[in-house]
1. Checking the cross-link filter: which lysines have an alpha carbon closer than 23 Å to that of Lys458, excluding same-chain neighbours under 8 positions apart?
2. Could you give each residue of segment 46-57 its phi-based ³J(HN,Hα) in whole Hz, using Karplus coefficients 6.51, -1.76, 1.60 with θ = phi - 60°, and x for Gly or Pro?
3. Express the carbon and sulfur contribution to the solvent-accessible surface of segment 522-582 as a percent, rounded to the nearest whole number, probe 1.4 angstrom.
4. In whole Hz, what ³J(HN,Hα) sequence does segment 327-334 give by Karplus (6.51, -1.76, 1.60; θ = phi - 60°), x for Gly and Pro?
5. What is the dipole size for the chain, taken about its Cα centre, with +1 at each Lys and Arg Cβ and -1 at each Asp and Glu Cβ, in debye to the nearest 20?
6. Could you compute the FRET efficiency for Ala87 and Lys27, with r as their C-beta to C-beta distance and R0 at 22 Å, rounded to 0.05?
7. Could you tell me which of rounded, prolate or oblate describes segment 272-311, using a ≥ b ≥ c as the square roots of the eigenvalues of the alpha-carbon gyration tensor, with rounded for a/c under 1.5 and, failing that, prolate when a/b is larger than b/c and oblate otherwise?
8. What accessible area per residue comes out for segment 184-254, rounded to a whole number of Å², with a 1.4 Å probe?
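The values are calculated or read from the model by the stated rules, or taken from the named source; none is laboratory data. Fair warning: this is a prediction, and the values are worked out from it, not measured in the lab. Counting neighbours? That spans all protein chains shown, and the Cβs are built from the backbone with ideal geometry, glycine included. The protein model used for the area step is the full one, side chains on, heavy atoms only, and it has no ligands, DNA or RNA in it. Shrake-Rupley method; radii C 1.70, N 1.55, O 1.52, S 1.80 Å.
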Amino acid sequence: MIRFMPRTDLPSGTVTFLFTDVEGSTKLLHELGAEAYAGALADHRRILRDAFTALGGVEVDTQGDAFFIAFPTAAGALEAATTATEALHHGPIRVRMGLHTGTPLLTAEGYVGLDVHKGARIAAAGHGGQILVSADTAMLLADAPLRDLGLHRFKDLTAPERVFQVGDEDHPRLKTLHQTNLPIPVTPFVGRAKELADLGQLLADPANRLVTLTGPGGSGKTRLGLHAAAAASDHFPDGVWWIPLAPLRDPSLVAVETTRALDGAGDPAEVIGARRLLLFYDNFEQLMDAAQLVGDLLIRCPNLTVLVTSREPLRIGGEHEYAVDPLDPAQAVELFTTRALAVKRDFIANGEVARICARLDHLPLAIELAAARVKLLSPQQLLERLEHRLPLLSGGARDLPERQRTLRATIEWSHELLSDDEQALFARLAVFRGGCTLEAAEAVVDADLDTVGSLVDKSLVRVRDDRFWMLETIREYAVERLEALGEADALRARHAEHFAALAEELYPSLRGDPKEALDRLELEHDNLRAALDHLAASGDGASELRVAGALWKFWNMRAYVQEGIRRLEHALGADGTRSAERVQALIGLSGMVANEDPDRGLALGTEALEIARALDDRSAIANARFMLGNNANEGGRFGDAVPHLEEALALFNELGDDHYAMLSRFHLGWAADEVGDFARAQALDAENLEAARAAGNVRTEAITLDSLAWRQRERFGDLPAALENHRSALRIFADVGETATIPSSLGRIALIYAMQGRAADAARLHGRSTATWDELGVLLPGHAAERVARIEELLGEQLSAADAGAALSEGRSMTTEQAISLALDE
């Protein structure tokens, strides 16, 4: 283990910190001009450093115009601060200073601990020419001329602390929470830096007099609002006042609670008058009839600003709605770890924590409730139990409101505020997995736009890119309500019928340029899974077979290979009827197993051909013959492949199916090359490329470019031409989003890089290519395995084991997008 030694130039043990900062630096720059300001700033730095070093101070850090200095004694720090302040007295620059004494941890990077933050907070509360001293430092300065400024709360909402000033000079009030009733949180605030910055800008702008934080229960609106209000306190000289509304049910009491918070009586508008203050109404959602009171206060009180938390907006004039989303993944893990350490001091976070947070939709309340369980359950056990979230997520702190002690209670609180129609639609929307379009909601659950919009406003349904969806923690509760509604089976049947029709509608579009259809199916994949699950559970084998057969190309192109194989196998087992639907499913399964088990693919193709001939279905016969040729190629039986592919090509030409005629030519060219008929292979590829480009069939264009590139590389040794064609193919696959093919494209370019002597780049691409195969859970086909062996042989010749390992590791850690850029030299 490497041990980093603490800095030896800094004092240790009991240390007094001195923080400084220039007051009004931006204004001063404008007043003096850049040159004069730079000179004044340089003089200021010289004066401070001379005073500090003369009395034993050591410079820990500087940021902009600010200094962070450490002294071995409080007396030395005070004398240095006083000397520097006096020396700056007649100059243009005014500096605020803060002193605090503690016993911080000394590390290789400097000081760590709360004492550092406390010293910085104290300095930030002062004004130019003012020296502030913490109570801990004042205890060590018995004879110093200190003025007790009383108890002050700082903007991080910690408990009040006593602050002293050096000397009797009068200054403006300290920049602390001197007029507020904001509560002191019992747990530290984690994350939300961007949200705090956003809200800071909104509340600082006089044009934004009503800001409403909206979001589902448990999203952290209250904590964010408290910290945003505290941070904005400088803009409100008459105070920041918190008005908790959760216990109330009578809207008329909002006015009463407003005047009580302000220590007044009667009409709240008269109590506020012209004062410049911020009212923070917390949990407004059950009191929407009182929204008009807020509107009236804003009209009658010209200097009033209002901050609100609510699960839906107030919908009054001038409102600025700010949606509070769940935490980002890193913040969620930090919150879980922080709360877990509070109940189990030896808790160690691992990769399962991120998965727990994802299961909980990164929702702060859910994360806090789950973290409290680490006293009894390991992260792995927690993860296993989160399949059913609501029973597990209970047992919140006793000092929390009842509605926040369990996740179920939090969601029920929102549900109880819904109208009957809203409750019914909320339950029915649970039939969708992964969200839905408005059109799907109208078709499947008879949704109407106004009611959907109301659920969005109330933060129970979310909308993004024209799709409506629920957080899974909320959807789990909605599923319970759906079961209670007594409509679950009927709605699941309608849902399955709707998405079965979608799969069949899009199947013909999964050729040529399939991107739009693939993207649509990707968006609805969870709904398609739900439809298949329902058809399987209800015993409708014929419909299950029809839907699975319509999805095999999507599963194959988007690299859901193992799932597709499993679902096709189940569907084929559920319905043994010798039908056209069975032929399509057999052909699909034959195509999906071709890479891993071409012998099985041949058997499936043979069964499909037998049924197709019995049905006298020429299109099905052509497809079965094509798939037999494909599997023969994948199994290295190129001579056997040729007659299958020649018959398929002839049939597709007769049927006018240009797409499959092109695919047949492609595979026939592959077989011809392997049996030594190079001229025929080249001619077939050239014909295919021309036909694909004329038809706008970009996918066939891409695979043909790869075939031409292979021949340029292997038969003619033209590496530059091969590289250009492989790159053109990769661009197409990336544009289409054909996930399953991209790792092969990267591997092909990696081989050329290795052949050209670009060994390090070849290793990086090879690392990402093989890592992607592993991530997709797909076995390498035989021809790809040969390519891998060649790449690794060339890397072994050009790189040391250490260099090759480092480059491969770098490639594995790349994103696919980064690897594509490297492959394209972009």
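1. Lys221
2. 4, 4, 5, 4, 4, 5, 5, 5, 5, 10, x, x
3. Roughly 48 percent of what the probe reaches on segment 522-582 is carbon or sulfur.
4. 5, 6, x, 5, 5, 4, 5, 4
5. That gives a dipole near 1960 debye.
6. E between Ala87 and Lys27, to the nearest 0.05, is 0.50.
7. Cα axes put segment 272-311 in the oblate bin.
8. Here the per-residue accessible area is 38 Å².
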